[in-house]
Amino acid sequence: MKKFFLFLALAISSSTFGQTLVKTYDTGNTFRFVPKVFAYQEKPCIYVNQRNDTNTKDYVIFDENFEVIKRISNIEAEDIEFYDFDTFADDNQFYLSQTLFNNDEKFEYITLIENNSGNCSGLQIKSETGEVLSTVTFNNAYSMCYLQVFKMKSKVYLFVVAEDDDLTYIYRIDKETSTVQKVKTVEGINIIPRMPKRHEVVTVELDDVSDEARELQVVNGAGQMVDRIIVPAGQKQVQLNSAHMSPGINIINVKGSDNKAASSQKIFVK
């Protein structure tokens, strides 16, 4: 990304149509905010990351007055998508947090563990000091993983999406013990797009072709069934209209002839 001058906090001065330039920073990346719910005492916290000579990144952290309060050097934090189901906030991304994994003021981040082939085999949650707070090992290694954090009814979950095998590992975050506990592995359904807008057509690709008809059910975050469709025997793909879904997180379940859920996948409707 090309460097640009970011002019912050233009304020109206006492002169007519006058403006006072508070700060000017020459940066090589976009300013980000720590999500309010994961900021210490919910104080505003802004940061920017910059690539350094060691092929890692340095993070410069500012307070609400855009004064530098801390620098964290030589870390490689993963980009995390954040969705707050309680407030329907979406499309937020962050690298750093403070109270996502514990209650102290230090910053924390996630880094992926790579094996000798360069594939992702797990992750570590680290403090700004480099201390490892928790380690998670996956069942397999994947060439492509991305991370999402969902907050639902005051519970916070970490989703690790492994695109190779179309798997999603779901973990419950317990910040009192700085641990993540595996809740479920979701597999077998490919949803395109994963985060549709309302009234957008969604394509659901099932994991295999069945000799029997199957039922596809859509359940919203409150546990209410908002849509259902019968998938005929021999059919592997079906389309849904997201207008029937609730804003936020919905779960698509595929049930067999025994009426038990054979597979499921989440979808986030904007």
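The values are calculated or read from the model by the stated rules, or taken from the named source; none is laboratory data. Since this is a predicted model, take the numbers as computed values, not measurements. Here the Cβ positions follow ideal geometry from the backbone for every residue, glycine too, while neighbour counts run over all protein chains shown.
The residues of the stretch 73-85 that are in a strand (DSSP E or B), closer than 18 Å to Thr129 by Cβ and within 22 Å of the chain's Cα centre (by Cα) amount to a single one, Ile75. Being in the same structural domain as Ile46 (by TED's automatic domain parsing) and touching a Phe, Trp or Tyr at 6+ places or on another chain (Cβ under 6 Å) is the requirement here; does Thr129 meet it? Judged against the criteria, Thr129 is not a match.
Residues that are of a type in the set (A, V, I, L, M), touching a residue at least 12 places away in the same chain (Cβ under 8 Å) and loosely packed, with under 14 Cβ neighbours inside 10 Å number at least 1 in the following strands (runs of 3 or more DSSP E) confined to the stretch 204-257: 225-231.
Per the conditions (1) surrounded by fewer than 14 Cβ atoms within 10 Å (Cβ to Cβ); (2) touching a residue at least 24 places away in the same chain (Cβ under 8 Å), the sole criterion not satisfied by Thr177 is (2). In the stretch 86-106, is there at least one residue being within 16 Å of Ile46 (Cα to Cα), in a loop (DSSP other than H, G, I, E, B), among the aromatic types (Phe, Trp, Tyr) and over 19 Å from the mean Cα position of the chain (by Cα)? The answer is no, given that none of the residues of the stretch 86-106 is within 16 Å of Ile46 (Cα to Cα), in a loop (DSSP other than H, G, I, E, B), among the aromatic types (Phe, Trp, Tyr) and over 19 Å from the mean Cα position of the chain (by Cα). A count restricted to the stretch 55-80 and to residues that are of a type outside the set (A, V, I, L, M), surrounded by 18 or more Cβ atoms within 10 Å (Cβ to Cβ) and modelled with pLDDT of 90 or more stands at 2. The residues of the stretch 141-170 that are among the charged types (D, E, K, R) and under 15 Å from Val183 (Cα atoms), listed by number, are Lys151, Lys155. Which ones in the stretch 189-218 are acidic (Asp, Glu), in contact with a strand residue (DSSP E or B) (Cβ under 7 Å, 6 or more places away or on another chain) and within 25 Å of Gln148 (Cα to Cα)? Correct list: Glu205, Asp207. Selection of the stretch 113-171 for residues being in a strand (DSSP E or B), modelled with pLDDT under 90, within 18 Å of the chain's Cα centre (by Cα) and of a type in the set (A, V, I, L, M) yields Met152, Val161, Ala162, Leu167, Ile170. Take the conditions (1) among the polar types (S, T, N, Q); (2) under 30 Å from Thr135 (Cβ atoms); (3) at pLDDT 80 or above; Ser263 misses just one of them, which is (3). Among the numbered conditions (1) touching a helix residue (DSSP H, G or I) at 6+ places or on another chain (Cβ under 7 Å); (2) buried (at least 18 other Cβ atoms within 10 Å of the Cβ), tell me where Phe101 comes up short. That leaves (1) as the condition not met.
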